[in-house]
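The values are calculated or read from the model by the stated rules, or taken from the named source; none is laboratory data. Fair warning: this is a prediction, and the values are worked out from it, not measured in the lab. As a convention, Cβ positions derive from the backbone with ideal geometry for all residues, glycine included, and neighbour counts pool all protein chains shown. Note: accessible area is taken over every heavy atom of the protein model, side chains too, but ligands, DNA and RNA are not part of it. Shrake-Rupley method; radii C 1.70, N 1.55, O 1.52, S 1.80 Å.
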Amino acid sequence: VPMPKDRDVLFWTQDQRDAAFRATETITKVNVIPAGGTAHPIAQGAPLKIAVDMDAYMADQRNAGLIILQDGKVRFEKYALGYGPEGRWTSFSVAKSLTSTLVGAAVKDGYIKSLDDKVSAYIPGLRGSAYDDVSVRQLLMMSSGVRWNEDYEDPASDVAKFNAATPEPGMDATVSYMRKLPRAHAPGTVWHYNTGETNLIGVLVSSAVKKPLAQYLQEKVWQPAGMESEATWLKGKTGHEIAGCCLQATTRDFARMGLFVLANGKAGEQQIVPEDWFAQATTKQKDIGKPGRGYGFQWWTYDDGAVAAQGIFGQGIFIDRKRRLVIASNADWTRATQGPEPAAREAFYHQVQALIDAGK
């Protein structure tokens, strides 16, 4: 399937997306995250007694991979779209939750002194911009108040124009674009989803730790949490990983990320993030205008205590602490977010929760 070089992935055909999502590193530049060494074992558990036709559900979702772990054991695992357990699939905004986790690691390591520090203290290129008064915490909560358009189906939106913009000479591509944006609201007052902002968090982390994000992720998550396979992270125009998007990994390793969250960021004897990090990061910090839902530090929250990392076209890690449940899914939905698939996936999450409650 030929990949158009001149159009954003948001406007590719479904066939092109099916091919590209499992081969992102062959069509663009990436940084490699080596496998973890000793893989964190995932034992086979009793199959979940799911009442729905799973072949039909996966076909409707256009799922490439779906794995359900409960108590650390596989209760369901299946692949489709010519994809299998060894292959990598792109994550889109699932990467945001991993980038946020690296902020936690940088706080634990002392590279980031406080979440209330100003972003411009770590990224000097933002001085004098609308980000001058924005704190690290406000960035994590998507509440900078800076104006941004995240409409995935609008070619004139910031999220579509961002990757094509020409950076200022000698400046990181993300910083170059974001520093020109105007202010819409006072910092901290309004929640507004902004992928460019997560890209800034990535620049902040790599500036603070003085390492590429891929290397820091390998040291802090991939190695200690025992990821089984190599992963890759897409690079932007000036060579920095695109922190708000596009980390490619196996569905099983995305599920292992869920186990890492359930363990509160503890891997073996090592506490990777502050002990209370995930308690903050996966708790509703901002209202998003949807009943029962909210936003933490780059995580989507549910009022019942569950949390999710979500990416367009059906990528997701759903984590339910009470039920020791992780559902990792990779897909190529018919539309980025506007089709029938999101509501059907939410209903499926609830079905699985009910099955576990019923001891099935």
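Checking each residue in segment 49-72 for being at pLDDT below 95 and either open to solvent by less than 70 Å² (accessible area, probe 1.4 Å) or under 23 Å from the mean Cα position of the chain (by Cα) (or both) picks out I50, V52. Just one of (1) within 20 Å of K118 (Cβ to Cβ); (2) at pLDDT 95 or above; (3) in a helix (DSSP H, G or I) fails for K180. It is (3). Checked against (1) under 20 Å from the mean Cα position of the chain (by Cα); (2) surrounded by 19 or more Cβ atoms within 10 Å (Cβ to Cβ); (3) touching a residue at least 12 places away in the same chain (Cβ under 8 Å), D287 passes all but condition (2). Every condition in (1) surrounded by 13 or more Cβ atoms within 10 Å (Cβ to Cβ); (2) over 23 Å from the mean Cα position of the chain (by Cα) is met by Q16 except one, and the failing one is (2). All of G82, G128 fail the test of being modelled with pLDDT of 95 or more, surrounded by fewer than 19 Cβ atoms within 10 Å (Cβ to Cβ), on the phi > 0 side of the Ramachandran plot and part of a loop (DSSP other than H, G, I, E, B), apart from G128. The set of residues in segment 254-284 that are surrounded by fewer than 20 Cβ atoms within 10 Å (Cβ to Cβ) and either free of Cβ contacts under 8 Å to residues at least 40 places away in the same chain or among the acidic types (D, E) (or both) comprises A263, N264, K266, E269, E275, D276, A279, Q280, T283, K284.
Only one of the listed residues (E346, E275) is in a helix (DSSP H, G or I), modelled with pLDDT of 95 or more and of a type in the set (D, E, K, R). That residue is E346.
Please find, within segment 190-209, the residue that is surrounded by the fewest Cβ atoms within 10 Å (Cβ to Cβ) out of those that are within 15 Å of the chain's Cα centre (by Cα) and not small (G, A, S).
Here is the first cut: in segment 190-209, the ones within 15 Å of the chain's Cα centre (by Cα) are 193-202.
When the remaining residues are screened for being not small (G, A, S), the result is 193-195, 197-201.
Numbers: Y193: 15, N194: 23, T195: 23, E197: 29, T198: 24, N199: 28, L200: 29, I201: 26.
Filtering first and then ranking leaves Y193.
When Q218 is tested against the conditions (1) at pLDDT 95 or above; (2) buried (at least 18 other Cβ atoms within 10 Å of the Cβ); (3) over 21 Å from W89 (Cα atoms); (4) of a type in the set (S, T, N, Q), the lone failure is (3). Applying the selection to segment 244-272, what residues are assigned to a loop (DSSP other than H, G, I, E, B) and out of contact with any Leu (no Cβ under 9 Å at 6 or more places or on another chain)? Result: T250, A263, N264, G265, G268, E269, I272.
Looking only at segment 25-44, count how many residues are farther than 24 Å from F76 by Cα, open to solvent by 60 Å² or more (accessible area, probe 1.4 Å) and touching a strand residue (DSSP E or B) at 6+ places or on another chain (Cβ under 8 Å).
Qualifying residue count, segment 25-44: 2.
Residues to consider are G244, G226, G316, G296; find the one that is in contact with a His (Cβ under 7 Å, 6 or more places away or on another chain) and open to solvent by less than 10 Å² (accessible area, probe 1.4 Å). Within the list G244, G226, G316, G296, the selection yields G226.
The set of residues in segment 131-181 that are surrounded by 14 or more Cβ atoms within 10 Å (Cβ to Cβ), out of contact with any strand residue (DSSP E or B) (no Cβ under 8 Å at 6 or more places or on another chain), touching a residue at least 12 places away in the same chain (Cβ under 8 Å) and acidic (D, E) comprises E150, D158, D172.
If the condition is being touching a Phe, Trp or Tyr at 6+ places or on another chain (Cβ under 7 Å) and assigned to a strand (DSSP E or B), then segment 23-40 contributes V30, N31, I33. For the residues M171, M142, the requirement of being aliphatic (A, V, I, L, M), more than 27 Å from T13 (Cα to Cα), part of a loop (DSSP other than H, G, I, E, B) and at pLDDT 95 or above singles out M142.
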